[in-house]
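Comments concern the structure below.
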Amino acid sequence: LIIKVVRIAYYLKMVAETSVVPANSQGPPPLIPSTRFTLALLVFFAFIIQYSQRINLPIGIVCMLNRTKPIHHNTLLDVTTELPNNMSIYYLNSSSSSSTTITTKIKKSPRIAKKKGFFNDKTFHWTELQQQLLLGGYWAGYIFTQIPGGWLATTIGAKWVYAASLGTSSFATLALTLMYMMPNTHFFLILILRFITGLAHGVLFPATISLWSVWAVPQERSTLASIGFSGTHLGTSLTMLIGGILCQHFSAGWVYLFSITSFLGFIWLALWTALTAHTPYHHKKISDREREYITSLTGSTGHKRTMSLASMPWKKIIKSKPIIALIITQSANLFGLFFFLTNFSKMFTELLRISPGNTGYILSFGFLLTLSSSILSGIATDHFVRSDVVTLTTARKMSNALTSFIPVFCMMLLYFSDHTTYRVGILAVLLFLAATGLGYGSGYVVNFADIAPAYSGVIFGLANTFASLAGLIGNLVAGLIIKKPVLEQWRKLYIIFGIIYLFGGLVYIFYGSAVPRKWATFQAVNNDTKPEKKTNDEVAMSTNVKV
């Protein structure tokens with residue numbers, strides 16, 4: 001890890017030294033240390049906190065469920081019927097039919113190692129449908145603030161959008177710990193808190209695009225943005241690891257998990273409000289040299305911009321085949337990713353019968369693979385495109401094909417994976433996570449800036465709305481299909497997700513592109529308001545790349 005940090009620091013230093021600056025400038029101020037680099041680190045930690053709060057329930061639910069007292073109903077709010085503590089349930093596949101028979105067996109409870117901590121263990125009785133509703137409640141809120149997030153960041157400034165987002169979600173996450181003191185589980189209260197968390201988090205990605213439009217010069221934008229977005233994968237990896245340890249070794253480990261992820265949000269909030277500003281013009285501690293360097297290359301005037309959603313060329317967006325193909329492939333990929341992100345822990349503990357602690361270790365390593373493949377694929381793609389080995393469109397199609405079709409193969413492996421073949425299941429999940437990173441580093445996530453740079457933020461928010469809605473639907477479908485934690489019922493989901501991944505990949509291969517739409521370039525937008533010809537750094541750079 002130390003070696004990787006040193007290499008990244010050296011790379012960032014080289015980027016800063018080779019940045020292009022205006023003719024009359026003294027030269028670019030160093031990237032490390034600088035105000036803009038500090039901002040990138042705070043964005044990095046913001047995404048760590050966002051993703052830790054996003055997946056703390058999917059991890060914590062493993063140690064929140066009472067599995068020794070099964071529930072014998074499929075409705076949402078029926079009274080539960082419990083078996084005695086010394087009875088265990090086994091699900092056996094009948095050899096005479098495709099149905100599943102249930103047998104009970106009296107046995108002595110196994111000796112369980114005593115857990116540590118300040119709390120006594122507390123678990124809840126939730127049906128599978130209730131579990132999926134709780135896991136999907138986050139996405140129900142997330143879908144409503146994607147498009148407004150970019151507009152709010154433009155209107156009131158990204159600083160306060162960020163602050164309101166993680167401040168609200170941290171309070172909602174801390175409120176989840178109240179479940180420990182409740183004599184009965186208030187299911188709808190928990191669902192509302194997860195909805196609020198998703199609602200708050202939905203603005204972050206669009207607001208980040210708005211933030212870097214005024215803080216990052218074109219020559220450093222990819223570097224600064226990649227630093228921030230890498231927090232998503234690291235936050236997921238760390239939460240998987242720490243959550244698994246807390247669940248395995250501490251009584252009511254979920255209480256610690258919710259508390260830690262909320263308190264980290266409050267600490268970040270204090271640093272964010274003290275060290276950041278809407279634009280370089282409003283920052284109190286930035287040097288005059290760095291302020292001039294940023295504003296001269298970004299064209300930022302320090303004034304809040306206004307943009308009407310009604311003024312966007314919606315007809316052209318809807319009629320553009322590459323944009324529709326991109327939205328479809330993103331929705332297909334995130335439909336699967338969002339579902340498995342909230343269900344990996346359940347799959348490992350219930351189907352593969354792996355302990356929560358080992359589940360945390362495995363998934364933590366898996367998301368490090370996602371981080372690595374994301375960064376390496378981006379670097380490799382840029383290198384091959386600059387070397388004229390492939391065109392940018394070909395590179396995007398190759399990355400999207402891999403990030404879409406490898407999961408299809410993984411669904412095939414998972415179809416045959418249970419506790420007797422758990423190694424195959426682990427391999428499938430690790431391969432799935434490694435392939436997922438390709439979409440972030442050189443696939444559909446970065447393709448929005450290729451084909452519609454002037455409207456990429458709003459179109460990304462629109463596409464992410466559809467993808468989040470698909471994630472919510474995935475949880476609802478799973479709640480309806482899965483009645484018992486057995487492979488036979490999970491196989492139905494694997495088939496559904498495999499078909500969706502295949503469809504998304506094929507659509508992009510036929511219609512995807514990295515060629516900018518003429519009406520969606522910065523030059524076209526600027527020429528709409530000023531007839532004279534204008535030069536734009538990003539458009540000028542893109543003309544040197546074969547697309």
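Miscellaneous remarks
Per-residue answers, yes or no, for (1) more than 17 Å from Phe335 (Cα to Cα); (2) buried (at least 24 other Cβ atoms within 10 Å of the Cβ); (3) not assigned by the TED database to the domain that holds Ile495:
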| position | (1), (2), (3) |
| --- | --- |
| Ala401 | no, no, no |
| Ser404 | no, yes, no |
| Val408 | no, no, no |
| Met412 | yes, no, no |
| Tyr415 | yes, no, no |
| His419 | yes, no, no |
| Ile426 | yes, no, no |
| Leu438 | no, yes, no |
| Tyr444 | no, yes, no |
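- The set of residues from the stretch 230-249 being in contact with a Leu (Cβ under 9 Å, 6 or more places away or on another chain) and either β-branched (Val, Ile, Thr) or open to solvent by 10 Å² or more (accessible area, probe 1.4 Å) (or both) comprises Ser230, Thr232, His233, Leu234, Thr236, Thr239, Leu241, Ile242, Leu246.
- Restricting attention to the stretch 493-511 and to residues that are surrounded by 19 or more Cβ atoms within 10 Å (Cβ to Cβ) and of a type in the set (A, V, I, L, M), the residue that is farthest from the chain's Cα centre (by Cα) turns out to be Val507.
- Residue that is most open to solvent (accessible area, probe 1.4 Å) [pool: residues in the stretch 261-278 that are closer than 17 Å to Leu174 by Cα and in contact (Cβ under 8 Å) with a residue 12 or more places away in the chain]: Phe263
- Checked against the criteria, Val408 does not count as under 20 Å from Val446 (Cα atoms) and out of contact with any Lys or Arg (no Cβ under 8 Å at 6 or more places or on another chain).
- Residue list for the stretch 446-472, restricted to those being within 13 Å of Ala325 (Cβ to Cβ), surrounded by fewer than 24 Cβ atoms within 10 Å (Cβ to Cβ) and β-branched (Val, Ile, Thr): Ile459
- Members of the stretch 359-379 that are surrounded by 17 or more Cβ atoms within 10 Å (Cβ to Cβ) and more than 30 Å from His249 (Cα to Cα): Ser373, Ser374, Ile375, Ser377, Gly378
The values are calculated or read from the model by the stated rules, or taken from the named source; none is laboratory data. Treat the numbers as computed from the prediction; the structure is a model and nothing was measured. Glycine gets a Cβ as well: all are built from the backbone with ideal geometry, and neighbour counts include every protein chain shown. These accessible areas exclude ligands, DNA and RNA; they are computed on the full protein's heavy atoms, side chains included. Shrake-Rupley method; radii C 1.70, N 1.55, O 1.52, S 1.80 Å.
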